[in-house]
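Below: one structure, written as structure tokens.
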Ligand code: CA
């Protein structure tokens, strides 16, 4: 299991990253300033650093200059400062992501950096006749192929990874749409309806005021 160091001073984004990455099977540690980021990054305990540019005490660029490429770094930056960030990449970062970003995009970058080829069995998720092949992005129900859009697939994947558990609307929204999405949006409910239509009506249970659960059928 890869260990990811998160250097982010905005609590909401740090939480979003921790929750999402933990659900993907990574272990995470968060720090909120540049000096701590540098300290932890050189400890030898981490495989990758997610580094916000605007950090207190020492900014992300200063961390990059000092850290001597100990571990791969993905820079998180405001979209308005992408030009500065590209300059920062020459200072030793491996990649950058402009905020706001989608979680899926971040995970793809992390996997690429870690050359993190998951074992083949984890690339196919199955539950009660529903199968998602994460490599070919193909969904089947009882052997029949079902067309899912990218978002529908991401939502189905999240539900399947947590089959039998209740996921709140906020968790699903954070994970599939991103932390900057309007929390009062009903987009999750709309997409759950799409999934029910495509995957079968009884698979996903609504729990009032709690969220949704994919039934862990035999
Ligand atoms: Ca910041």
(message) Being modelled with pLDDT under 90, in contact with a helix residue (DSSP H, G or I) (Cβ under 8 Å, 6 or more places away or on another chain), more than 21 Å from residue 217 (Cα to Cα) and surrounded by fewer than 19 Cβ atoms within 10 Å (Cβ to Cβ): is that true of residue 116 here?
(response) yes
(request) Could you tell me which residue of the range 6-34 is farthest from residue 49 (Cα to Cα), considering only residues that are in contact with a helix residue (DSSP H, G or I) (Cβ under 6 Å, 6 or more places away or on another chain) and within 15 Å of the ligand (Cβ to nearest atom)? (result) 16
(message) So the check is Cβ under 6 Å with 6+ separation or different chains; which pairs have a first residue in the range 1-22 that's in contact (Cβ under 8 Å) with a residue 60 or more places away in the chain and within 15 Å of residue 178 (Cβ to Cβ) and a second one that's within 14 Å of the ligand (Cβ to nearest atom) and assigned to a loop (DSSP other than H, G, I, E, B)?
(response) 16/179
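Go through the range 127-157 and give me each residue that's touching a residue at least 60 places away in the same chain (Cβ under 8 Å), surrounded by fewer than 20 Cβ atoms within 10 Å (Cβ to Cβ) and not in a loop (DSSP other than H, G, I, E, B).
127 - this is the single residue of the range 127-157 that is touching a residue at least 60 places away in the same chain (Cβ under 8 Å), surrounded by fewer than 20 Cβ atoms within 10 Å (Cβ to Cβ) and not in a loop (DSSP other than H, G, I, E, B).
The values are calculated or read from the model by the stated rules, or taken from the named source; none is laboratory data. All values derive from a computational prediction rather than experimental measurement. Please note: Cβ atoms are built from the backbone with ideal geometry, for glycine as well, and neighbour counts cover all protein chains shown.
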